[in-house]
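The values are calculated or read from the model by the stated rules, or taken from the named source; none is laboratory data. Here the structure is a predicted model, which means the values were calculated and not measured. Because the Cβ atoms are built from the backbone with ideal geometry, glycine has one as well, and the counts that use them run over all protein chains shown. Areas reflect the complete protein model, heavy atoms only, side chains present, ligands, DNA and RNA absent. Shrake-Rupley method; radii C 1.70, N 1.55, O 1.52, S 1.80 Å.
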Amino acid sequence: MMNFAATKNIYANITAIGGFVPDSRRTNEELSLICDTNDEWITKRTGIKERRILADDLATSDMAVEAIKNLFDNYNKDINKVDALIVATSTPDMLMPATANIICEKLGIDNVWAFDLNAACSGFLYALNVASGLIESGRYNNILVVGADNISAFVDINDRSTNILFGDGAGVVLLEPDPEFGVINSILKSDGEGRKFLNIEGGGSRYPARLGHLEKNFIKQDGKIVFKKAVNAMSETCTEIIEKNNITVQDINWLVPHQANKRIIDAVGNAIKIEEGKTLVNIEKYANTIAATIPLCIWDNIHQLKKGDLVLLTAFGAGFSWGATLIKWNL
């Protein structure tokens with residue numbers, strides 16, 4: 001038996017999972033008709049072959065609703081028992097109210113504590129950690145944690161540095177109390193330096209719509225700086241959480257990293273020396289869906305995870321924000 005550093009009376013266990021991606025695909029070949037790029041160049045540098053794009057008349061909440069419906073369609077769970085809903089997103093339907101409120105209305109559920117959380121690509125891990133604390137406190141017993149982003153709405157289709165990287169999607173997990181299985185530990189961090197290198201400046205109070213600044217509504221990034229920081233931050237945090245919980249990387253059954261770039265994923269795996277074949281990847285199909293990448297990656301690979309597996313999640317995003325979460329799996 002693993003001798004984890006801390007023993008809890010109760011764990012927040014993932015008891016159901018759902019996902020949704022739009023039908024519309026934007027392939028590398030299509031992008032090669034728009035800007036100076038090609039399938040070979042994109043695949044070599046990112047591992048991405050295509051990305052899903054949400055229709056213009058839909059929003060983040062629509063994808064989240066479909067992901068939640070997918071969860072309840074496939075698991076014997078009662079949506080009326082949900083007592084909290086946390087939505088990790090950087091692309092809310094509106095500045096206010098929260099997208100979580102809109103989702104509740106669309107699903108016909110009320111009297112639920114519902115709110116949004118924005119930690120960019122690390123958002124799902126942040127939300128999962130918040131929800132875990134609520135479960136461990138004993139005050140909540142059925143929490144939906146959503147990662148959803150309609151990031152294509154903020155991509156300049158003519159900008160080769162970003163148009164190849166991002167796609168839309170939503171993933172969701174249901175957390176319930178368990179005496180043995182679930183979230184063992186999380187290490188989450190952030191600093192402010194990243195805002196200069198990865199951001200969407202427009203839409204907030206710094207550059208309000210009434211002053212124009214339409215060009216600031218597109219996502220921008222300095223790829224070289226983000227790449228280096230992402231590899232170092234995720235690698236270091238994974239090593240830290242492994243050591244903190246008195247296990248070794250050999251004990252980890254699955255690494256589920258944020259799906260931003262295949263070269264980043266490979267570099268993190270090499271840095272922590274995880275065995276080949278233990279890293280779950282689906283970036284080639286969906287690209288970077290921001291807060292949705294980790295739940296969508298698990299959803300896509302759910303058949304590979306077995307009861308008792310140790311699953312290590314790690315993410316990095318704008319802010320900068322980053323972290324790692326260790327789960328003892330039972331779904």
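Values for this structure:
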read-out	value
Relative contact order [Cα under 8 Å, 6+ residues apart], region 233-331, whole percent	37 percent
Value of [θ]222 nm, deg cm²/dmol, for the chain, DSSP H segments ≥ 4, -39500 (n - 2.57) each, nearest 500	-9000 deg cm²/dmol
Among Leu144, Leu31, Leu214, residue whose mean-square fluctuation peaks in a GNM of the chain (springs only between Cα atoms under 10 Å)	Leu214
The chain - share of DSSP beta bridges that are antiparallel (%, nearest 5)	70 percent
Region 180-297, dipole about Cα centre (Lys/Arg Cβ +1, Asp/Glu Cβ -1), debye to the nearest 20	640 debye
Heavy-atom accessible surface of the chain: percent carbon and sulfur, 1.4 Å	48 percent
Rg/Rh (Cα only; Kirkwood hydrodynamic radius) as it applies to region 4-64	1.25
Protection-proxy order for peptides 282-289, 103-110, 222-229, each taking the mean of Cβ atoms within 10 Å per residue, highest first	282-289, 103-110, 222-229
Charge dipole of the chain about the Cα centre (unit charges at C-beta), most positive-ward option of Ile10, Leu134, Leu188	Leu188
Length-normalised contact order for the chain - Cα pairs under 8 Å, 6+ apart - percent	26 percent
For region 1-150, accessible area per residue (1.4 Å probe, heavy atoms of protein chains only), Å²	47 Å²
Estimated dipole of the chain in Debye, rounded to 20 [Cβ of Lys and Arg +1, of Asp and Glu -1, Cα centre]	680 debye
Residue-count net charge about Pro97 - beta-carbon cut-off 13 Å; Lys, Arg +1, Asp, Glu -1	-2
Percent RCO, i.e. relative contact order, over region 12-70, from Cα pairs under 8 Å lying at least 6 residues apart	48 percent
Which label in (i) -0.31, -0.74, -1.14; (ii) -0.26, -0.65, -1.08; (iii) -0.46, -0.92, -1.14 gives the computed log10 I(q)/I(0) by the Debye sum over Cα atoms at q = 0.07, 0.11, 0.14 Å⁻¹	(ii)
Within region 1-137, percent of DSSP bridges classed antiparallel, to nearest 5	40 percent
Contour excess over end-to-end distance, with Cα ends at Asp78 and Ala209 and 0.36 nm allotted per residue	43.0 nm
Antiparallel DSSP beta bridges within region 228-331, percent to nearest 5	60 percent
